[in-house]
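Report on the structure given below.
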Amino acid sequence: MKIVVDDKIPYILPALHELADDVVAKRGADITADDVRDAHILIVRTRTRCDRRLLEGSSVALIVTATIGYDHLDTDYLRQAGIAWTNCPGCNATSVAQYVGNSLLLLQRERGLNLREATVGIVGVGHVGTAVMEHLSGLGVKNILLNDPPRQEAHDAAPAGLEWSSLQRLAAEADVITFHTPLTSTLPHPTHHLADSTFFRWLRRSPIVINAARGGVVDESALLEAMDSGIVSEAVVDTWEGEPQVSRPLLAKAFIATPHIAGYSADGKANATRMTLAAVCRFMGRTMTFDIEPPALPADLILSHNTAERALQLYNPQADTARLRANPDAFERLRADYPLRREQS
């Protein structure tokens, strides 16, 4: 059994060496067709494009992406080739919720946002959107609008006390709009440039716009125009259209601008690794016995008794913003060498 794995997936190699005789760990963007030709299992993140070019003629029977998103997998080709695949839905949902919540705490502290009075619109209410909703409720947000046409059309009930909203209504009424959809270009609900010039014309309250979904969900040129004209008051941007290249004007203008690390808490990474190993064990007919836990916080860390300050001690996205602004060309390195971040003490 040979397994090829992205070398930036944490806590996974000792377990893989117990499961397989041959384990090859490489930088995700550098994995080639030669690497996977005689491999049986491929474990990736978003930087490995899994398509015909990589996989044709290989022995790969299973692909696991240790991520929620899977737009880097050519699922049509994988189906045709008979290659099984799975992702890790919800693995870093609470990590993204921490990112969104702490960004809003900073906006409350530095820009006068009142979370208890603000209306927050959440676009995309899957694992991540639901975690964001629950986290913001815990921060005192009382007015939440939810937009998720696929769930609404499937007659899924909205969370208790809430209802589904049209995107146009959400745009008109929200003080904060945060996106948590997958990136798709297919009907009936394409999300590529979901926030485009038309969307920004619907805005009425000069809201804060957050994109921690996928870069292409928000049209960055339209967002910049909306910010320049005052239609959007502030932006929080974690995902970028041209990754790993970033829009320098948007990098300079956004309140928070980070290198696609919203879901990068140690807790989220441990969840993804645990789910990845479970998928590999199921495929191999093995019992999942691996206990994957993130490292502890430094023992000398003294946390504040104030809830908001304690949250920002655990994670302040301004630090990631400063690192990206200091060296935008280091986008991939900043992700690969991300420091320890815990969601809770």
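Given an 8 Å cut-off on Cα distances and at least 6 residues of separation, report the relative contact order of region 93-257 as a percent.
Across region 93-257, relative contact order equals 18 percent.
For region 95-184, state the average projected area of the convex hull of the C-alpha atoms over all orientations, rounded to one decimal in nm².
Working: hull surface 23.5 nm².
Directional mean of the projected Cα hull area for region 95-184 stands at 5.9 nm².
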Next item on the list: List the relative contact order of the chain as a percent without decimals, with contacts defined as Cα pairs under 8 Å and 6+ residues apart.
Entry: 15
Item checked: Sum of -39500 (n - 2.57) over DSSP H runs of 4+, divided by residues of the chain (222 nm, nearest 500) -> -10500 deg cm²/dmol
Next item on the list: Please report, to one decimal in angstroms, the Kirkwood hydrodynamic radius of region 93-257 built from all distinct Cα-Cα pairs.
Entry: 15.7
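Please arrange ARG274, ARG282 by counting, for each residue, the other beta carbons lying within 10 Å of its beta carbon, fewest first.
Working: ARG274 21, ARG282 13.
Arranged by neighbour count, lowest to highest, ARG274, ARG282 become ARG282, ARG274.
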Check: For the chain, modelled as a Gaussian network with Cα springs under 10 Å, which listed residue fluctuates most, GLY268, GLY138, GLY285?
Finding: GLY285
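Looking at region 104-171, which trypsin sites (Lys or Arg not before Pro) are DSSP coil and have at most 16 other C-beta atoms within 10 Å of their C-beta?
Values: sites: ARG109, ARG111, ARG116, LYS142, ARG151, ARG169; in loops: ARG116, LYS142.
Here the sparse-neighbourhood loop sites are ARG116, LYS142.
In whole Å, what three semi-axes, largest first, describe the equivalent ellipsoid of region 223-295 built from its Cα gyration tensor (square root of 5 times each eigenvalue)? Can you show the working numbers first?
Numbers: eigenvalues 317, 30, 18 Å².
Computed over region 223-295, the values are 40, 12, 9 Å.
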Next item on the list: Let me have the relative contact order for region 82-158, percent, based on Cα pairs under 8 Å that are six or more residues apart.
Entry: 34
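At a 10 Å Cβ-Cβ cut-off, how would you order MET288, MET133, fewest neighbours first? Walk me through the intermediate numbers first.
Working: MET288 14, MET133 21.
Listed from fewest to most nearby Cβ atoms, that is MET288, MET133.
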Item checked: Most mobile listed residue (ASN114, ASN271, ASN211) in the chain, GNM with C-alpha springs under 10 Å -> ASN114
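In debye to the nearest 20, how big a dipole does region 1-54 give about its Cα centre with +1 on each Lys and Arg Cβ and -1 on each Asp and Glu Cβ?
The dipole of region 1-54 has a size of about 360 debye.
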Item checked: Rounded tilt (10° steps) of 93-111 against the dominant C-alpha axis of the chain -> 30
Notebook entry, point to check: Longest span of the chain, sites excluded, free of GluC sites (Glu not before Pro) in DSSP loop with at most 13 other C-beta atoms within 10 Å?
Noted result: 164-345
Margin query: Report the Cα-based extents of the chain along its three principal axes, largest first, to the nearest Å.
Written below: 58, 52, 42
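Each reported figure results from applying straightforward, stated rules to the coordinates on display, with no laboratory input. Predicted, not measured: the structure shown is a model, and the values here were computed from it. Virtual Cβ from ideal backbone geometry, glycine too; neighbours counted across all protein chains shown.
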